[in-house]
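Written out below as structure tokens is the structure these notes cover.
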Number of protein chains: 2
Amino acid sequence: MSDQIKYLLDESRMPKAWYNIAADLPVPLPPPLHPGTLQPLGPSDLAPIFPNAIIAQEMSTERYIDIPEPVRDVLCQWRPSPLFRARRLEKLLGTPAKIYFKYEGVSPAGSHKPNSAVPQAWYNAQEGVKRLATETGAGQWGSSLAYAGGLFGLDVTVFQVRVSYDQKPYRRALMETWGARCIPSPSPETDYGRAVLAEHPDHIGSLGIAISEAVEVAAKNDDTKYALGSVLNHVLLHQTIVGEEAILQMEMAGDDPDVVISCVGGGSNFAGIAFPFLGQQLRGETTKKRRIVAVEPSACPSLSRGKYAYDFGDTAHLTPLVKMHTLGSDFTPPGLHAGGLRYHGMAPLVSHVMELGLIEAQAYGQTSCFEAGVMFARAEGIVPAPESTHSIRGAIQEALRCKAEGKSETILFCLSGHGHFDMTSYTNYLSGKLVDQQYDEKELAMALSMLPKVDA
Amino acid sequence: MSDQIKYLLDESRMPKAWYNIAADLPVPLPPPLHPGTLQPLGPSDLAPIFPNAIIAQEMSTERYIDIPEPVRDVLCQWRPSPLFRARRLEKLLGTPAKIYFKYEGVSPAGSHKPNSAVPQAWYNAQEGVKRLATETGAGQWGSSLAYAGGLFGLDVTVFQVRVSYDQKPYRRALMETWGARCIPSPSPETDYGRAVLAEHPDHIGSLGIAISEAVEVAAKNDDTKYALGSVLNHVLLHQTIVGEEAILQMEMAGDDPDVVISCVGGGSNFAGIAFPFLGQQLRGETTKKRRIVAVEPSACPSLSRGKYAYDFGDTAHLTPLVKMHTLGSDFTPPGLHAGGLRYHGMAPLVSHVMELGLIEAQAYGQTSCFEAGVMFARAEGIVPAPESTHSIRGAIQEALRCKAEGKSETILFCLSGHGHFDMTSYTNYLSGKLVDQQYDEKELAMALSMLPKVDA
């Protein structure tokens with residue numbers, strides 16, 4: 001076909017290893033610190049909440065880490081995922097730019113999240129763990145772990161941020177269909193949840209609080225470990241299968257991106273598509289100077305407005321300190337519909353490459369993102385998740401810039417998931433009820449002033 | 001991989017023609033009759049509501065009909081769809097049978113329905129039609145036509161059966177996101193809708209009533225045509241791309257089904273997977289005596305309990321009379337969750353091959369089907385649409401029969417769609433609120449007694 005729109009890799013070309021950008025960084029990543037001693041963390045410090053294989057990946061500087069065969073056997077149910085050329089969107093925009101997107105909504109849970117949920121569940125099952133506790137925002141991660149845990153015989157308990165639990169009841173139904181237990185957070189089931197509820201009985205919740213609850217459950221129960229859906233090095237590692245495939249698929253298309261774009265919340269989806277391309281540049285394997293753009297919500301702009309500093313990953317300060325762009329662990333982001341992007345911090349690896357000037361950040365309001373999402377749905381047929389509408393907004397902006405400048409650049413973005421469980425958000429948008437939300441500047445200043453004091 | 005689970009066809013092997021079983025029938029299909037004259041219908045009788053190309057397909061006896069290139073260009077966004085081996089389900093059941101399923105949930109609308117919505121929208125656009133009116137039950141067809149109409153610049157008006165409109169608000173949001181207008185039926189927008197509401201202000205609706213409303217709108221407006229999502233020959237024709245692909249994929253797997261199973265409502269999904277396999281048998285191209293099984297809901301069992309007779313396709317008696325298995329056009333099926341199976345009649349072609357003894361029918365209650373659906377979701381990861389749970393129930397029954405008989409037969413079923421927009425049904429099932437529904441025997445007897453009197 002002359003106007004090809006779909007690039008599918010044969011299953012035999014599904015990557016056999018994950019790519020670890022730690023091997024190629026010009027400056028090493030600042031180490032995580034123990035929350036008590038403020039000393040660099042050792043593997044044993046993480047043993048109460050993670051299995052050994054995951055801890056080893058978290059600390060590894062090996063460039064490639066093999067994907068275990070039983071994990072590949074599950075991933076190949078929907079992988080390699082398709083790469084599409086968005087020809088109808090290009091035409092609608094009247095842009096000379098070429099727009100490609102990698103589509104991760106083909107997984108059973110409808111997003112990129114199973115790429116890490118499956119290996120995390122498998123490694124835990126291998127080490128005899130019986131139960132996983134986790135947090136979820138919009139529910140993409142919680143449902144993915146529910147799915148993956150079920151495959152390997154693990155019980156899964158999910159603390160879901162309350163505002164998303166209320167906005168997206170179908171996500172809870174999905175988790176329960178796969179056999180998981182889903183609890184709105186803050187909850188009366190943990191010491192920390194009870195403490196938050198005592199002070200704010202109507203708290204809408206945050207990823208930081210839900211992480212604290214899940215970590216508490218894992219730390220207190222011998223048969224239970226914790227699983228995180230973003231932020232940490234091993235999660236970003238698992239997502240690089242997305243970008244590794246995209247490199248092969250862009251070759252199939254006889255093209256090479258000038259701009260690589262993806263939304264960022266905790267950073268795993270962004271790193272998944274971006275790090276393999278960035279790695280080529282760091283290793284000098286390409287002369288192309290690609291721009292790599294992270295798109296975040298203007299209501300929770302950790303990369304654009306956060307401080308690069310050591311901070312806690314959770315609100316109860318149970319986690320290690322990591323150096324990252326943060327709005328402060330006490331900051332509660334507004335209840336925007338892209339629940340997966342409502343996180344006060346940013347993956348240390350993403351923050352680090354931002355500090356090194358290797359990537360750039362843009363921030364958009366949610367009405368502008370839903371506008372882009374509806375335009376995309378009508379042109380390309382796929383209804384995107386609210387998080388993914390940020391990637392689309394970013395791609396459209398770049399395509400319109402190309403139009404203004406008369407440049408036919410190649411744009412690649414990751415469409416991290418579909419919006420089938422987020423249709424209430426679309427109903428609100430289409431009926432004019434959706435508004436841009438703003439964080440409170442005073443609350444942000446306060447949260448930033450309370451960052452832990454660490455010399456590093 | 002030794003334990004392969006996914007069989008993907010290369011895009012170049014996507015069928016270039018639809019298969020028309022009318023060419024291979026041992027006895028010709030009884031003709032449709034004009035509702036006024038009771039004489040066989042001519043093409044001009046259908047011209048007010050269908051474009052010429054569709055009318056020609058409806059009446060064709062050519063064995064293969066080419067798929068237009070612009071239609072293929074859209075279909076190839078998600079086609080060829082994958083064929084999976086359900087190894088984890090087999091293991092769970094402890095069956096020696098091999099279970100394969102063809103998965104149609106990969107389309108933008110999440111079901112097989114776009115296979116016909118795309119060509120129907122394209123043929124209408126080619127002939128200068130500006131607007132399409134249609135009916136929908138659960139919303140699978142309405143959302144598919146909303147998607148397809150949008151691609152070719154057509155306005156789409158969907159009359160959705162009220163019980164489904166209320167049960168599945170996300171489906172309406174999906175249709176609106178794609179730009180269609182969605183109206184609960186019976187509605188005050190048509191003469192027939194007003195008449196029904198005058199008598200039964202709280203009527204839960206039925207596909208028969210919604211069809212009447214959509215046909216009325218098309219008949220009264222010159223720029224508007226009607227589009228049907230099942231039952232008619234041309235719709236079944238468009239769906240045969242599913243079975244044509246499955247034949248190639250079963251060859252890839254080095255296997256051949258002993259039993260082909262799918263759910264039936266109007267019949268298009270069933271015919272899509274079954275007719276190409278049945279055609280091989282009718283042409284003597286295989287010596288294998290395959291069983292072909294249609295699974296319907298016990299609350300709306302047109303094949304199992306209906307009468308094979310001439311009847312109207314709609315409740316207002318605006319449509320031609322077709323010979324089919326029918327529960328009577330005045331029969332209102334209970335409000336079961338598999339809204340796509342809530343139809344009083346059955347495709348004439350499916351009814352005809354049933355009468356000829358070429359296929360068999362089974363009926364199951366909805367709790368038994370949801371039980372099968374949850375078992376499947378936990379084993380295979382995909383959450384099926386309520387309609388598709390009937391196919392799974394049928395496949396599990398056959399697999400358990402094989403276990404009891406010690407036979408390692410090959411079972412193939414079509415998983416017509418995912419259940420992402422039906423999660424309320426799962427919540428009801430998981431919380432024990434879902435019950436089997438029964439039609440009223442007296443109502444059925446009454447509806448059957450009122451069938452039109454036709455000598456044929």
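The values are calculated or read from the model by the stated rules, or taken from the named source; none is laboratory data. From a predicted model like this one, the values you see are computed outputs, not experimental measurements. Backbone-built Cβ (ideal geometry, glycine too); neighbour counts: all protein chains shown.
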Worksheet item: Do the conditions hold for residue A:205, that is, is it surrounded by 15 or more Cβ atoms within 10 Å (Cβ to Cβ) and either without any contact (Cβ under 8 Å) to a residue 40 or more places away in the chain or at positive phi (or both)?
Response: yes
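At least 3 residues that are away from chain B (no Cβ under 14 Å) and more than 23 Å from residue A:326 (Cα to Cα) in each: list the helices (runs of 4 or more DSSP H) lying fully within the range A:362-456 that qualify. First the steps, then the outcome.
Working: elements: A:366-380, A:386-405, A:423-430, A:441-449.
In the range A:362-456, A:386-405 are the helices (runs of 4 or more DSSP H) which contain 3 or more residues that are away from chain B (no Cβ under 14 Å) and more than 23 Å from residue A:326 (Cα to Cα).
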Discussion item. Checking the condition crowded, with 24+ Cβ neighbours inside 10 Å, within 14 Å of another protein chain (Cβ to nearest Cβ) and more than 18 Å from residue A:189 (Cβ to Cβ), which residue from A:174, A:145 passes?
Written reply: A:174
Discussion item. I'm checking my understanding of the structure. Among residues of the range A:177-199 that are polar (S, T, N, Q) and more than 14 Å from chain B (Cβ to nearest Cβ), which one is surrounded by the most Cβ atoms within 10 Å (Cβ to Cβ)?
Written reply: A:185
Practice prompt. Please indicate, with yes or no, whether at least one residue in the range A:386-393 is at pLDDT 95 or above, under 17 Å from residue A:420 (Cα atoms) and touching an Asp or Glu at 6+ places or on another chain (Cβ under 6 Å).
Written response: yes
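Only residues that are in a loop (DSSP other than H, G, I, E, B) and closer than 22 Å to residue A:393 by Cα: list them for the range A:351-361, please. If you could, list the steps in order and put the result at the bottom.
In the first step, residues of the range A:351-361 are kept if they are in a loop (DSSP other than H, G, I, E, B); the result is A:356-359.
Passing the criteria: A:358, A:359.
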Worksheet, complete the sentence: Taking the range A:120-142 and keeping residues without any contact (Cβ under 8 Å) to a residue 40 or more places away in the chain and outside any helix (DSSP H, G or I) leaves A:128
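Residues to consider are B:441, B:380, B:387, B:398; find the one that is among the acidic types (Asp, Glu), more than 19 Å from the chain's Cα centre (by Cα) and surrounded by 24 or more Cβ atoms within 10 Å (Cβ to Cβ). Give the derivation first.
On the way: B:441 fails: surrounded by 24 or more Cβ atoms within 10 Å (Cβ to Cβ); B:387 fails: more than 19 Å from the chain's Cα centre (by Cα); B:398 fails: surrounded by 24 or more Cβ atoms within 10 Å (Cβ to Cβ).
None of the others qualify; the one that does is B:380.
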Fill in: Failed condition for residue B:140, given (1) at pLDDT 95 or above; (2) closer than 30 Å to residue B:17 by Cα
(1)
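Could you tell me whether residue A:421 is more than 13 Å from residue A:389 (Cβ to Cβ) and crowded, with 23+ Cβ neighbours inside 10 Å? Quick ask: steps written out before the conclusion?
On the way: more than 13 Å from residue A:389 (Cβ to Cβ): yes; crowded, with 23+ Cβ neighbours inside 10 Å: yes.
So residue A:421 passes the test.
In this structure, does residue A:95 turn out to be in the same structural domain as residue A:409 (by TED's automatic domain parsing), closer than 30 Å to residue B:148 by Cβ and among the hydroxyl-bearing types (Ser, Thr, Tyr)?
Working: in the same structural domain as residue A:409 (by TED's automatic domain parsing): yes; closer than 30 Å to residue B:148 by Cβ: yes; among the hydroxyl-bearing types (Ser, Thr, Tyr): yes.
Yes; evaluated as a whole, the condition is true for this residue.
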Fill in: Subset of the range A:148-166 (residues that are acidic (Asp, Glu) and within 13 Å of chain B (Cβ to nearest Cβ))
A:155
Worksheet item: Does residue A:15 satisfy being farther than 30 Å from residue A:172 by Cα, in contact (Cβ under 8 Å) with a residue 12 or more places away in the chain and crowded, with 19+ Cβ neighbours inside 10 Å?
Response: yes
Worksheet item: Here are some residues: A:113, A:102, A:168, A:98. Which one is in contact (Cβ under 8 Å) with a residue 60 or more places away in the chain and surrounded by fewer than 24 Cβ atoms within 10 Å (Cβ to Cβ)?
Response: A:98
Worksheet item: So is residue A:158 surrounded by 21 or more Cβ atoms within 10 Å (Cβ to Cβ), hydrophobic (A, V, I, L, M, F, W, C) and touching a Pro at 6+ places or on another chain (Cβ under 9 Å) or not?
Response: no
Practice prompt. Pull up the range B:226-255, narrow it to residues that are out of contact with any Phe, Trp or Tyr (no Cβ under 6 Å at 6 or more places or on another chain) and more than 17 Å from residue B:272 (Cα to Cα), then point me to the one that is surrounded by the fewest Cβ atoms within 10 Å (Cβ to Cβ).
Written response: B:254
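Just checking, which of A:148, A:198, A:210, A:173 is part of a helix (DSSP H, G or I) and within 20 Å of residue A:344 (Cβ to Cβ)?
On the way: A:148 fails: within 20 Å of residue A:344 (Cβ to Cβ); A:198 fails: within 20 Å of residue A:344 (Cβ to Cβ); A:173 fails: within 20 Å of residue A:344 (Cβ to Cβ).
Being part of a helix (DSSP H, G or I) and within 20 Å of residue A:344 (Cβ to Cβ) holds for just one of A:148, A:198, A:210, A:173, which is A:210.
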